[in-house]
1. Within the set of pairs 6+ apart or on separate chains, which have a first residue in the stretch 80-105 that is charged (D, E, K, R), a second that is open to solvent by 70 Å² or more (accessible area, probe 1.4 Å) and within 16 Å of the ligand (Cβ to nearest atom), and C-beta atoms under 6 Å apart?
2. Just one of I108, I130 is open to solvent by 70 Å² or more (accessible area, probe 1.4 Å), in a strand (DSSP E or B) and of a type outside the set (S, T, N, Q); which is it?
3. Which one of these is outside any loop (DSSP other than H, G, I, E, B), more than 16 Å from N96 (Cα to Cα) and open to solvent by 10 Å² or more (accessible area, probe 1.4 Å): T142, T148?
Amino acid sequence: MVLCKTGGDDMESKSQTNTIMIIGIVIVAVVVVLGALAFRNNSPTPTISNPTSTTQNQIAESTLAVSPEPTQADVTLTEEIQTVNLEAGSFYYKPNVITVKKGQKVRIVMKAADQMHNFNIDELGVKLPIVKSGNTGTVEFTADKLGTFEYYCSVVQHRANGQVGKLIVQ
Ligand SMILES: [Cu+2]
């Protein structure tokens with residue numbers, strides 16, 4: 001009886017260790033399968049979530065571009081600026097006549113061809129500081145007065161030597 005009992009205990013403990021081992025294997029297998037699934041899921045998830053996020057961004061951008069009017073106003077403002085490329089040399093401006101409409105925003109982009117030059121229109125308060133030879137300087141102003149105004153270079157005797165031009169505001 002005693003032997004049988006101990007034998008039965010042995011059997012029980014053996015089957016217990018067996019079930020523990022099986023449970024352990026099952027857990028490991030589950031973990032491995034879950035891990036593999038997680039890996040598989042991880043790689044497609046960004047490709048799935050990215051398009052949705054970009055489309056969301058695109059939607060957000062398009063709604064932003066459509067709804068606020070200041071953005072459109074800015075675009076038209078920059079289009080309204082009339083850019084004049086001006087060459088300044090000894091002793092001339094090319095072109096030496098610029099015609100604009102009253103109220104026009106004007107951007108003068110002046111390249112100093114040989115030596116240092118500047119650009120001034122006294123009546124409109126326009127002053128482009130000295131631009132060194134080979135460099136380019138920019139000045140912006142609004143032609144808010146009707147008339148013909150002289151632009152000139154104030155570097156030493158340049159104006160007297162004929163470095164002048166006419167801005168006609170119509
Ligand atoms: Cu000059």
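1. What qualifies is E87/K94; E87/K111.
2. Numbers: I108 fails: open to solvent by 70 Å² or more (accessible area, probe 1.4 Å).
It is I130.
3. Details: T148 fails: more than 16 Å from N96 (Cα to Cα).
Criteria check complete, one pass: T142.
The values are calculated or read from the model by the stated rules, or taken from the named source; none is laboratory data. In this text the structure is predicted, and so the values were computed from the model without any measurement. Ideal geometry is used to build each Cβ from the backbone, glycine not excepted, and the neighbour counts take in all protein chains shown. Note: areas computed on protein heavy atoms with side chains; ligands, DNA, RNA excluded. Shrake-Rupley method; radii C 1.70, N 1.55, O 1.52, S 1.80 Å.
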